[in-house]
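Colleague: Mind having a look at this structure? Questions to follow.
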Amino acid sequence: MTLVEGWRPVPARSDAARSAVARDADQALTALYAEHYRSLVRLAALLLDDIGLCEEVVQDAYIRVHAAWGRLQDKDKALAYLRQTVVNLARSTLRRRLVALKHAPKPMPDAASAEEGAYSLVERAAVVQALRELPRRQREAVVLRYYADMSEADAAAVMGCSVGSVKAYTSRGLAALSTKLADLR
Amino acid sequence: MNGSEQSQLGPEELSRLLHAAVEPIRPSPEAYRQIKAGVERRRRWRAPLFAAGGAVLAGLAVLGVLLLRPGASSSSSRVVEPPPALGRSSLNSGSPGPGGAVSSNGSTTVGSSGPGASQSATEPGITPTVDPTSNVPSSTSPPGSEGNSPTRPPLLGERPAIAGDVDGDGKADTVRLNGATVEVTRSRGGTEVAKLPTGATATRWAGFDLDGDGYSELVVQTGSASGVDTYAVLRFMAPGDISVLDNNGSTSPVTAGGTSSGSTTTSTGFACSNTGIRQVVGTSTDGGANYDVTVTMLAVTIDGLTQFGTPSTGALPATSATPSFSARCGDWSK
């Protein structure tokens, strides 16, 4: 698992310092929520097979970042850390789902809501369908580069691989998507 | 599908497609509240978890201390186990004190004048009706008898010690009585002088391991008044320290002898053993023909003499009772 730069354990603090950190973390959480929550949910939606889980994953990422706020040295990189956590959680969710699918197929949620409608709209989008057929790493590379607009270096850091690998995954993913989407264009 | 007609999907177009695809997603209005709830849940769990972790650590520390501390209550916690060969060789090498022999039942008898003259403390002085061993099982160890003072030199001799082996090296030590003081020259080296209580004059002494810990105690007669002899018990505490043990404030706790007033005769005596002193008090109201006898066991501990077990009583004829009205503690030396 890759660590965001500037993410290092720091010595324990006094109680006063700790409560100051907690206040700071609460404010930062609110700001990060207002600014990035929607885009992170959309990022998760592209990374995950099950769109119903994307909000859950992103909320979990926010909670984790809040808990680790005192240990985060470079607060400006909070967004990078959030993205990293979302990617990692999406990976482990996929892994869990694979295991679950092997043993017992999960029944589809039957509750109908406004979100459901939006989700089914997304599910039906051709690009999303095509994306789901890509191998996980190609999909991550494509999404991070072309949806999150991350540089190759940033994407490599988040994915935990080299810049060269990101380039290869991206071009292969792009080619595969071209083939899959050719009929629709 | 015709691959040759197909143009490569451009990055800008893909980016546009991706953004468009996820455009319908609207965060649920509950999201912020759910994050806050998650943060709170985590916070609530942290304090009890830290507290539980602290409690577990404290418990482990206490456990570690208990395990590492030499347990005073454990009988296997003696600092040094006596090497048997050493103790026996000292018996044969003619140690400076009175010659000793270890009888088969483990009690120490002192004296070289033959078994007939042996004053074994376990010799039944009175009939079994009042024998304390019937009421006080030998397995009942006297309180504190295991308390081995950590400041004593390590035990080299046997348990129980031979008579007069004050410092536990398997060799009897030299005791000299000098008025109100008792001088002990130990075979390990070092001389201790114990002061007897005011008014006492040491007249004779016997060495006996009264608590069976391998260090001999000294029983010293401190005086005699109207037919009753008083005795003090001295214990080796540490190099340079041999102290008189007291029994509820009395520094001459054990007595032997008898007094009569009219037809009432009170006689006392005691016997030494490796579990303590058996003090016998007999009262006769018929001129000494029959006695009501009370036997009390006194344990010898670092804190003094302590009564243990329940005193046993019984009525005995003079022929049975009289032998116990004496000071039986091995061989007495002047």
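Colleague: Of the residues in the range A:48-58, how many are more than 10 Å from chain B (Cβ to nearest Cβ) and open to solvent by 20 Å² or more (accessible area, probe 1.4 Å)? Show your work before the answer.
Modeller: Kept after step one, since they are more than 10 Å from chain B (Cβ to nearest Cβ), are these residues of the range A:48-58: A:48-50, A:52-53, A:57.
In the following step, the residues that additionally are open to solvent by 20 Å² or more (accessible area, probe 1.4 Å) were identified as A:49-50, A:52-53.
Summing the residues that are more than 10 Å from chain B (Cβ to nearest Cβ) and open to solvent by 20 Å² or more (accessible area, probe 1.4 Å) in the range A:48-58 gives 4.
Colleague: Report the residue count in the range B:170-181 for those that are farther than 16 Å from B:Leu210 by Cβ and touching a residue at least 40 places away in the same chain (Cβ under 8 Å).
Modeller: Residues meeting the conditions: 4.
Colleague: List every residue pair whose Cβ atoms sit under 7 Å apart, with the two residues 6 or more apart in sequence or on different chains, where the first one lies in the range B:189-216 and is within 20 Å of B:Leu298 (Cβ to Cβ) and the second, anywhere, is basic (Lys, Arg) and modelled with pLDDT of 90 or more.
Modeller: Short answer, once both residue conditions are applied: none.
Colleague: Can you tell me how many residues in the range A:45-81 are outside any helix (DSSP H, G or I), modelled with pLDDT under 80 and either aliphatic (A, V, I, L, M) or within 15 Å of A:Tyr33 (Cβ to Cβ) (or both)?
Modeller: So the answer is 1.
Colleague: Give me the residue from the range A:119-146 that is surrounded by 18 or more Cβ atoms within 10 Å (Cβ to Cβ) and among the hydroxyl-bearing types (Ser, Thr, Tyr) and, out of that set, farthest from the other protein chains (Cβ to nearest Cβ).
Modeller: The extreme case among them is A:Tyr119.
Colleague: Would you point out which residue out of A:Ala153, A:Ala168 is modelled with pLDDT of 70 or more and either open to solvent by less than 40 Å² (accessible area, probe 1.4 Å) or not hydrophobic (A, V, I, L, M, F, W, C) (or both)?
Modeller: A:Ala168
Colleague: Here's something else I'd like to know. From the list A:Ala45, A:Ala34, A:Ala61, pick out the single residue that is open to solvent by 10 Å² or more (accessible area, probe 1.4 Å) and either of a type outside the set (Phe, Trp, Tyr) or facing chain B (nearest Cβ under 9 Å) (or both).
Modeller: Working: A:Ala45 fails: open to solvent by 10 Å² or more (accessible area, probe 1.4 Å); A:Ala61 fails: open to solvent by 10 Å² or more (accessible area, probe 1.4 Å).
None of the other options fit; the residue is A:Ala34.
Colleague: Can you find, within the range B:317-328, the residue that is surrounded by the most Cβ atoms within 10 Å (Cβ to Cβ) among those that are in a strand (DSSP E or B) and under 34 Å from the mean Cα position of the chain (by Cα)? Steps first, answer last, please.
Modeller: Start the filter on the range B:317-328 by keeping residues that are in a strand (DSSP E or B), which leaves B:317, B:327-328.
Next, only the ones that are under 34 Å from the mean Cα position of the chain (by Cα) stay: B:327-328.
On the way: B:Ala327: 21, B:Arg328: 24.
My answer is B:Arg328.
Colleague: Would you confirm whether any residue within the range A:87-95 is basic (Lys, Arg) and more than 24 Å from B:Arg46 (Cα to Cα)? Break it down stepwise before answering.
Modeller: So in the range A:87-95, the residues basic (Lys, Arg) come out as A:91, A:95.
Filter again for more than 24 Å from B:Arg46 (Cα to Cα), leaving A:91, A:95.
Yes, some residue in the range A:87-95 is basic (Lys, Arg) and more than 24 Å from B:Arg46 (Cα to Cα).
Colleague: Another question about this same structure. How many residues does the range B:238-261 hold that are over 17 Å from B:Pro197 (Cβ atoms) and either within 25 Å of the chain's Cα centre (by Cα) or surrounded by 18 or more Cβ atoms within 10 Å (Cβ to Cβ) (or both)? Step through it out loud before you land on a result.
Modeller: As a first pass, look at the range B:238-261 and keep what is over 17 Å from B:Pro197 (Cβ atoms): B:238-240, B:256-261.
Restricting the remaining residues to those that are either within 25 Å of the chain's Cα centre (by Cα) or surrounded by 18 or more Cβ atoms within 10 Å (Cβ to Cβ) (or both) gives B:238-240, B:256-258.
Counting residues in the range B:238-261 that are over 17 Å from B:Pro197 (Cβ atoms) and either within 25 Å of the chain's Cα centre (by Cα) or surrounded by 18 or more Cβ atoms within 10 Å (Cβ to Cβ) (or both) gives 6.
Colleague: Another question, if that's okay. Looking for something of a type in the set (D, E, K, R) and over 23 Å from B:Pro24 (Cα atoms) - is there at least one such residue anywhere in the range A:38-60?
Modeller: Narrowing the range A:38-60 to residues of a type in the set (D, E, K, R): A:38, A:42, A:49-50, A:55-56, A:60.
So of that shortlist, the ones also over 23 Å from B:Pro24 (Cα atoms) come out as none.
No, that holds for no residue.
Colleague: Okay, next question. From the list B:Asp303, B:Asp286, B:Asp331, B:Asp292, exactly one residue is under 23 Å from the mean Cα position of the chain (by Cα), open to solvent by 30 Å² or more (accessible area, probe 1.4 Å) and of a type in the set (D, E, K, R). Which is it?
Modeller: Details: B:Asp286 fails: under 23 Å from the mean Cα position of the chain (by Cα); B:Asp331 fails: under 23 Å from the mean Cα position of the chain (by Cα); B:Asp292 fails: under 23 Å from the mean Cα position of the chain (by Cα).
The unique qualifying residue is B:Asp303.
Colleague: Still on this structure, I have one more. B:Gly276 fails exactly one of the following numbered conditions: (1) more than 25 Å from B:Pro153 (Cβ to Cβ); (2) touching a Phe, Trp or Tyr at 6+ places or on another chain (Cβ under 8 Å). What is the number of that condition?
Modeller: With (1) more than 25 Å from B:Pro153 (Cβ to Cβ); (2) touching a Phe, Trp or Tyr at 6+ places or on another chain (Cβ under 8 Å) applied to B:Gly276, the lone miss is (1).
Residues are listed down the side, and each one gets a yes or a no for (1) under 49 Å from the mean Cα position of the chain (by Cα); (2) within 14 Å of another protein chain (Cβ to nearest Cβ):
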residue: B:Ala21; (1), (2): no, yes
residue: B:Arg26; (1), (2): no, yes
residue: B:Pro29; (1), (2): no, yes
residue: B:Val39; (1), (2): no, yes
residue: B:Ala47; (1), (2): yes, yes
residue: B:Leu57; (1), (2): yes, no
residue: B:Leu60; (1), (2): yes, no
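The values are calculated or read from the model by the stated rules, or taken from the named source; none is laboratory data. Being a predicted model, the structure only gives us computed values, none of them experimental. With ideal geometry, Cβ positions are generated from the backbone for all residues, glycine too; neighbour counts draw on all protein chains shown. Only protein heavy atoms, including side chains, enter the accessible area calculation; ligands, DNA and RNA are left aside. Shrake-Rupley method; radii C 1.70, N 1.55, O 1.52, S 1.80 Å.
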